[in-house]
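Below is one structure, written out as structure tokens, with a few remarks after it.
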Amino acid sequence: VPEDQADKLLLASWDLPKAVLEKYHSLGVVQMFEWQAECLMLGQVLEGRNLVYSAPTSAGKTLVAELLILKRVLETRKKALFILPFVSVAKEKKCYLQ
């Protein structure tokens, strides 16, 4: 992330609703890793372009997907399909995103 865009590491700088920010903050998520912010700033990803990224287990891939989905759904008022690898993870995210 360029130095002049260091604020993009903070979740609060992504124009998310207060309730979403509060939920993330309650889980201890206040900012992203640099690579996560870079993913969100690539090309036209936030306008719906595709993004393929890879990271180790527990590196934070899901946060990138969640933020992309939340921003697109809130801005376009369209539905999204979030595919997760395990039923337990799907149930957890369902409760979390509601």
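Scan the range 6-18 for residues that are part of a helix (DSSP H, G or I) and open to solvent by 70 Å² or more (accessible area, probe 1.4 Å) and jot them down. Talk me through it step by step, then tell me what you get.
So in the range 6-18, the residues part of a helix (DSSP H, G or I) come out as 6-9, 11-14, 18.
Scanning the range 6-18 gives 7, 18.
Looking only at residues in the range 66-98 that are open to solvent by 80 Å² or more (accessible area, probe 1.4 Å) and not in a helix (DSSP H, G or I), which one is nearest to residue 23 (Cα to Cα)?
If we take residues in the range 66-98 being open to solvent by 80 Å² or more (accessible area, probe 1.4 Å) and not in a helix (DSSP H, G or I), then 98 is nearest to residue 23 (Cα to Cα).
Identify all residues within the range 52-65 that are in a loop (DSSP other than H, G, I, E, B) and either open to solvent by 40 Å² or more (accessible area, probe 1.4 Å) or not hydrophobic (A, V, I, L, M, F, W, C) (or both); write none if there are none.
Across the range 52-65, the qualifying residues are 52, 53, 54, 56, 57, 58, 60.
Please specify each residue of the range 22-44 satisfying the condition of being farther than 17 Å from residue 62 by Cβ and either open to solvent by less than 50 Å² (accessible area, probe 1.4 Å) or within 12 Å of the chain's Cα centre (by Cα) (or both).
41
Among the candidates 64, 52, 89, 29, single out the residue that is among the aliphatic types (A, V, I, L, M) and in contact with a Ser or Thr (Cβ under 9 Å, 6 or more places away or on another chain). Outline the logic, then answer.
Numbers: 64 fails: in contact with a Ser or Thr (Cβ under 9 Å, 6 or more places away or on another chain); 52 fails: in contact with a Ser or Thr (Cβ under 9 Å, 6 or more places away or on another chain); 29 fails: in contact with a Ser or Thr (Cβ under 9 Å, 6 or more places away or on another chain).
Only one candidate qualifies: 89.
The values are calculated or read from the model by the stated rules, or taken from the named source; none is laboratory data. If you're wondering where the values come from, they're calculated on a predicted model, not measured in any experiment. Neighbour counts are summed over all protein chains in view; Cβ atoms, including those assigned to glycine, are modelled from backbone coordinates with ideal geometry. For accessibility, only protein heavy atoms count, side chains too; no ligands or nucleic acids. Shrake-Rupley method; radii C 1.70, N 1.55, O 1.52, S 1.80 Å.
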